[in-house]
Amino acid sequence: MSSAFEIIISLEVQAELLTKSKMFCSCPNSFGQKPNTNICPVCLGLPGSLPVLNEKALDLALTAALALNCEVSSFSRFDRKHYFCPDLPKAYQISQYEFPIAKNGYLDIIKEGEKIRRIRIDRLHLEEDAGKLQHDGSASYVDFNRCGVPLMEIVSAPDLRSPEEARLFLESLKRILLYTGVSDCKMEEGSLRCDANISLRPAGSREFGAKVKIKNMNSFKAVQKGLEYEAARQEKLLSARNVVYQETRIWDGERGITLEMRGKGEEKDYRYFPDPDLPPLDISPGRVERVRSALKLRAGEVY
Amino acid sequence: MNVSRKEVEYVASLARLDLAPEEKEKIFQQFNVILDYINRLKELNLAGVEPTTHVLQLKNVFRKDRSQEKGGELLAEVLKEAPDKAGRLFKVPPVIEEEG
Amino acid sequence: MNYYYKMSVAEAARALQNKEITSKELTESVLERIEEVEEDIRGFVTLLDGDEVLLEAEKIDQARVSEEPLPHLAGIPMALKDNLCTRGVPTTCASKMLQSYCPPYDACVVEKLKESRTILMGKANMDEFAMGSSTENSAFFTTRNPWDTTRVPGGSSGGSAALVAAGEVFFALGSDTGGSVRQPASFCGVVGLKPTYGLVSRFGLIAFASSLDQIGPLTRDVRDCAMVMEIIAGHDPRDSTSAPKEKEKYTEYLGRDIKGFKVALPRDCFTEGLDAEVKKVVMGAVGKCTALGIEVEDVSMPHMQYAFPAYYIVSTSEAFSNLARYDGVQYGYRADGAGNFVSLYKKTRSGGFGQEVKKRIMLGTYFLSSGYYDAYYLQSLKARTQIREELQKVFRDYDFIVTPTSPTVAFQVGEKGDDPLTMSLSDIYTIIANLAGVPAISIPCGFVGGMPVGLQVMGRPFEEGRIFQFCYALECLLGVRNQLPETGVKRGGTVV
């Protein structure tokens, strides 16, 4: 990368939480079972079924929030995020939009042995996972086992300045989530996933360029590689005075390139609204303190 | 006129509905009648009023983190309802558009 | 032919317990009645096999003979609206989308009714996905009003109300999102209650608008309503919006003195659009309240005029979301010939839903889409707050709010046509109870031109007991209870 451009990266990390049961039903939170055996009316979104929040999922999200120096919200709420895909049985994902569990944290990353950079964290929220799709030439197949597995999404600020920093951020985050018992962070099994937003701007500029979202980077190395490729691609476009379009691209690890996503229809409009089936959360200082002391106890064990 | 035919078409597509021409026309007409009536709500000055998202003032409703395997009978009943399947998988026409 | 089917739930339960009749006889009586009138009423979407139903009745009779302890309503035939999930029994929401769908689980209320050993006769017709006021939106057929089969039974729980009124079952459950239990109760001359939001578990009720929906009983008198509520009310940990309340003995409120109760009469409800004859009957009933030592006063509720717009926005928005899941992937109807999944969705949803449902899904999509959310959805939630507060204020000074249930008696089949507003405006008195989450009942209070008129009583949240106390006294005073259309069923207005 020439010094003519500055790279701006933010990460959206999703971590599956180490609970015994799913987020809104009592199906086991487990991996690698026979297709469509770990399901019930609730996680299948059958007509008439209703969600009830797993308290442990909240406490694990709070643990992560405190470990990441976030401000915990006293009021938090679940919203419905609508999109149509066969692996999303209700055609909405129970997620959090306006009132996430926590906001405004940070994570320090160590670069070149000692140099510490502080990366801000914008928000941390809870949501449910979707099922899995398989494809052959003529059809697609849905396995709903993963539906309703508790996920925590952590969104960083656009503070990362290189693909290497992005990888370092992820490695630090993984260490923290493992130490605190929040997630097992196995990227190859999908219990830790990461999308990245990347844009370039002329060095010294304060404006942001058009950002591209990269999906399907399935290892720490892939995150760095994918972002390196994308940074180079954008630089080439910008150097030749071409335009970078705001879009979502897929990392193809085998070919080592990012690809345009096919068949993008209308603009995204998730039609979020508060989920009427789930009363809001009033996260008391008492609960936060309880989680904090458990975290300190754990830190004592680890160090 | 509150909405145009084009907007009605867009909304139908967003809701994953295909409308026959006469159906589209009828819904377009009805949309405008209904919106005319509903727009009286905009007269109300509701600045500073808290929205009611849940009518009961419940908070923090949880379940304990206990897991329970589901019986084979339930699984059989679920799969029986599938319009199309391959083994234990639900089969659908090819997914060509990723969303999310 | 015996006339056991004419008994109330309480009478039948007593006769069973005293071994004056058997559940088999009771069920046979109902089956004969169904044979006699169902062809004209068409209240059932699914009618269970008579032999199997009788087998269940015989089991209960045997248990009774051998002095096994049985629940109070054991052996009494009933029906369920077809949006309540019944394991292994089709649950269609009167939609092509779910025409052959058998849920793999029972709704909470269904479990409770099974535990109480009541006998399920079948599933009752309704407007598709509970959207409508007449059952004319059923994808299958229109149910007829037992008092005049050229008229609608009301809706959306029209099948449930008609079956109870026609003597085809002793009671039924419906669901009420904007008046869907009370309005058909009013049209068919039976009692219908929408409980306080959160009192009855919604687990297994196929959602229309989750923040408004409640399940409620349709019965032939107030006592029966209280008895059914004793079974279906109560906290359910599977419904996060279920209120953590102790169970109540509602029947204990019946017969208690009602002197000193204060009734509010919102004058905003007695204006334009209210049929003059209906008004006369309702005011007549209200006038008699004073004879019971009850104070009746006019109140003003100026926000009532915003109730309908707020209701329409909230209900369609939630409906869009709740009905997004019908895509032909896991269960239900799937359209043929889709080359990819987007086309699968569009074809399935376009072919599986009726026009009213499509219209409401689209309105909800519109209200929630970016750029419109604040002007419509958020505004409606704020209006909801104001309507709630207005009701709370009235309830500080008054025990009940009394209105007509519907501005007219049952209308003719086909009469309302396609006008998107007139049909919905027939819910104008009932929707505020859903918006505010308060309990509301409709009881018969007289007739206009041979058609029943309903009176609505709204009460404070979780004060169903006091509503029963008041309405039981009123019912005794008015002498209108457990009335079945006398000579069976009128066909095209003539007695057969």
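The values are calculated or read from the model by the stated rules, or taken from the named source; none is laboratory data. Here the structure is a predicted model, which is why all the values come from computation and not from measurement. For neighbour counting, all protein chains shown are included, and Cβ atoms are generated from backbone atoms with ideal geometry for every residue, glycine included.
Report, by residue number, each residue of segment B:69-84 that is over 24 Å from the mean Cα position of the chain (by Cα) and either more than 8 Å from chain A (Cβ to nearest Cβ) or exposed (fewer than 12 other Cβ atoms within 10 Å of the Cβ) (or both).
Residues satisfying the conditions are B:Gly71, B:Gly72, B:Glu73, B:Ala76, B:Glu77, B:Lys80.
Only one of C:Ala185, C:Ala139, C:Ala165, C:Ala209 is touching a Ser or Thr at 6+ places or on another chain (Cβ under 9 Å) and either closer than 27 Å to C:Val448 by Cβ or of a type in the set (Lys, Arg) (or both). Can you tell me which?
Going through C:Ala185, C:Ala139, C:Ala165, C:Ala209 in turn, just one is touching a Ser or Thr at 6+ places or on another chain (Cβ under 9 Å) and either closer than 27 Å to C:Val448 by Cβ or of a type in the set (Lys, Arg) (or both): C:Ala185.
Can you confirm whether segment A:123-130 contains a residue that is within 14 Å of chain B (Cβ to nearest Cβ), in contact with a strand residue (DSSP E or B) (Cβ under 6 Å, 6 or more places away or on another chain), surrounded by 21 or more Cβ atoms within 10 Å (Cβ to Cβ) and small (Gly, Ala, Ser)?
No: zero hits.
Going residue by residue through segment C:305-320, is there one that turns out to be of a type in the set (Phe, Trp, Tyr), part of a loop (DSSP other than H, G, I, E, B), within 25 Å of the chain's Cα centre (by Cα) and within 14 Å of chain A (Cβ to nearest Cβ)?
So far as segment C:305-320 goes, no, none of its residues is of a type in the set (Phe, Trp, Tyr), part of a loop (DSSP other than H, G, I, E, B), within 25 Å of the chain's Cα centre (by Cα) and within 14 Å of chain A (Cβ to nearest Cβ).
Looking at (1) surrounded by fewer than 24 Cβ atoms within 10 Å (Cβ to Cβ); (2) more than 18 Å from C:Cys93 (Cβ to Cβ), find the lone condition where C:Ala139 falls short.
For C:Ala139, the exception is condition (2).
Scan C:Ala94, C:Ala79, C:Ala74 and give me the residue that is in a loop (DSSP other than H, G, I, E, B), aliphatic (A, V, I, L, M) and within 30 Å of C:Gly132 (Cβ to Cβ).
C:Ala94
Going through segment C:321-362 one residue at a time, which ones are within 27 Å of B:Asp36 (Cβ to Cβ) and more than 13 Å from chain A (Cβ to nearest Cβ)?
Within segment C:321-362, C:Ser350, C:Phe353, C:Gly354, C:Gln355, C:Glu356, C:Val357, C:Lys358, C:Lys359, C:Arg360 qualify.
Here's the yes/no breakdown for (1) of a type outside the set (A, V, I, L, M); (2) in contact with a helix residue (DSSP H, G or I) (Cβ under 6 Å, 6 or more places away or on another chain):
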position	(1), (2)
C:Pro266	yes, no
C:Gly273	yes, no
C:Ala291	no, no
C:Ile294	no, no
C:Ala310	no, yes
C:Val314	no, yes
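How many residues, within segment A:1-28, are in contact with a Ser or Thr (Cβ under 7 Å, 6 or more places away or on another chain) and more than 7 Å from every other protein chain (Cβ to nearest Cβ)?
Counting residues in segment A:1-28 that are in contact with a Ser or Thr (Cβ under 7 Å, 6 or more places away or on another chain) and more than 7 Å from every other protein chain (Cβ to nearest Cβ) gives 8.
For segment B:46-68, indicate whether the set of residues that are part of a helix (DSSP H, G or I) and either within 7 Å of chain C (Cβ to nearest Cβ) or within 30 Å of A:Lys213 (Cα to Cα) (or both) is non-empty.
no
Of everything in segment C:1-16, what is in contact (Cβ under 8 Å) with a residue 12 or more places away in the chain and out of contact with any strand residue (DSSP E or B) (no Cβ under 7 Å at 6 or more places or on another chain)? Give them in sequence order.
Within segment C:1-16, C:Met1, C:Asn2, C:Tyr3, C:Tyr4, C:Tyr5, C:Lys6, C:Met7, C:Ser8, C:Ala10, C:Ala12, C:Ala13, C:Leu16 qualify.
If the Cβ limit is 6 Å and pairs must be 6+ apart or interchain, which residue in segment C:233-252 that is more than 15 Å from A:Cys25 (Cα to Cα) pairs with which residue that is β-branched (Val, Ile, Thr) and at pLDDT 95 or above?
C:Ala233/C:Val200
May I ask you to verify whether C:Arg202 is charged (D, E, K, R), at the interface with chain A (Cβ under 9 Å from one of its Cβ atoms), farther than 21 Å from C:Gly75 by Cβ and crowded, with 24+ Cβ neighbours inside 10 Å?
When the stated conditions are applied, C:Arg202 passes them.
Which residue out of C:Asp374, C:Asp399 is at pLDDT below 95, out of contact with any helix residue (DSSP H, G or I) (no Cβ under 6 Å at 6 or more places or on another chain) and either of a type in the set (Asp, Glu) or surrounded by 21 or more Cβ atoms within 10 Å (Cβ to Cβ) (or both)?
Matching residue, one of C:Asp374, C:Asp399: C:Asp374.
Part of a helix (DSSP H, G or I), touching a Gly at 6+ places or on another chain (Cβ under 8 Å) and either β-branched (Val, Ile, Thr) or modelled with pLDDT of 90 or more (or both): which single residue out of B:Glu22, B:Glu9, B:Glu77 fits that description?
Among B:Glu22, B:Glu9, B:Glu77, only B:Glu77 is part of a helix (DSSP H, G or I), touching a Gly at 6+ places or on another chain (Cβ under 8 Å) and either β-branched (Val, Ile, Thr) or modelled with pLDDT of 90 or more (or both).
Looking only at segment A:72-93, filter to residues that are within 11 Å of chain C (Cβ to nearest Cβ) and touching a residue at least 60 places away in the same chain (Cβ under 8 Å); which one of those is nearest to A:Gly45 (Cα to Cα)?
A:Asp87
Out of the residues in segment C:243-298 that are of a type in the set (Lys, Arg) and not in a loop (DSSP other than H, G, I, E, B), which is nearest to C:Cys476 (Cα to Cα)?
Filtering first and then ranking leaves C:Lys288.
As an exercise: evaluate B:Val92 against (1) surrounded by fewer than 16 Cβ atoms within 10 Å (Cβ to Cβ); (2) facing chain C (nearest Cβ under 7 Å); (3) in contact with a strand residue (DSSP E or B) (Cβ under 6 Å, 6 or more places away or on another chain); (4) not small (Gly, Ala, Ser) and give the number of the one condition it does not meet.
(1)
Test each condition in (1) more than 7 Å from chain C (Cβ to nearest Cβ); (2) buried (at least 16 other Cβ atoms within 10 Å of the Cβ) for B:Leu41 and report the one that comes out false.
Failed condition: (1).
Could you list, ordered by first residue, the pairs with Cβ atoms under 6 Å in which the first is in segment A:108-124 and under 12 Å from A:Leu68 (Cβ atoms) and the second is part of a loop (DSSP other than H, G, I, E, B), at least 6 apart or interchain?
Once the first residue is under 12 Å from A:Leu68 (Cβ atoms) and sits in segment A:108-124, its partners that are part of a loop (DSSP other than H, G, I, E, B) give A:Ile119/A:Asp159; A:Arg120/A:Ala157; A:Arg120/A:Asp159; A:Ile121/A:Leu68; A:Asp122/A:Ala157; A:Arg123/A:Pro100; A:Leu124/A:Cys70; A:Leu124/A:Ile101.
Scanning segment A:216-264 for residues that are buried (at least 17 other Cβ atoms within 10 Å of the Cβ) and among the charged types (D, E, K, R), which turns out farthest from the chain's Cα centre (by Cα)?
A:Glu235
Please go through (1) farther than 30 Å from C:Ala375 by Cβ; (2) within 14 Å of chain A (Cβ to nearest Cβ); (3) of a type outside the set (A, V, I, L, M) for C:Asp275 and return the number of the only condition it doesn't satisfy.
(2)
Can you find, within segment C:363-375, the residue that is nearest to the other protein chains (Cβ to nearest Cβ) among those that are over 14 Å from C:Glu318 (Cβ atoms) and not in a loop (DSSP other than H, G, I, E, B)?
C:Ala375
Among A:Phe24, A:Phe5, which is modelled with pLDDT of 95 or more and either surrounded by 21 or more Cβ atoms within 10 Å (Cβ to Cβ) or not acidic (Asp, Glu) (or both)?
After applying the criteria, what remains is A:Phe24.
Listed here are the residues, each with its yes/no results for (1) free of Cβ contacts under 8 Å to residues at least 24 places away in the same chain; (2) over 17 Å from C:Gly43 (Cα atoms); (3) within 14 Å of chain B (Cβ to nearest Cβ).
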position	(1), (2), (3)
C:Ala74	no, yes, no
C:Ala79	no, no, no
C:Leu84	no, no, no
C:Pro90	no, no, yes
C:Ala94	no, no, no
C:Tyr105	no, yes, yes
C:Glu115	no, yes, no
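Determine the pairs where a residue that is farther than 14 Å from A:Gln96 by Cα, located within segment A:52-63, has a partner that is assigned to a helix (DSSP H, G or I) and basic (Lys, Arg) with Cβ atoms under 8 Å apart, the partner being 6 or more residues away or on another chain.
Partner pairs satisfying both residue conditions: A:Asp59/A:Arg287; A:Leu62/A:Arg287.
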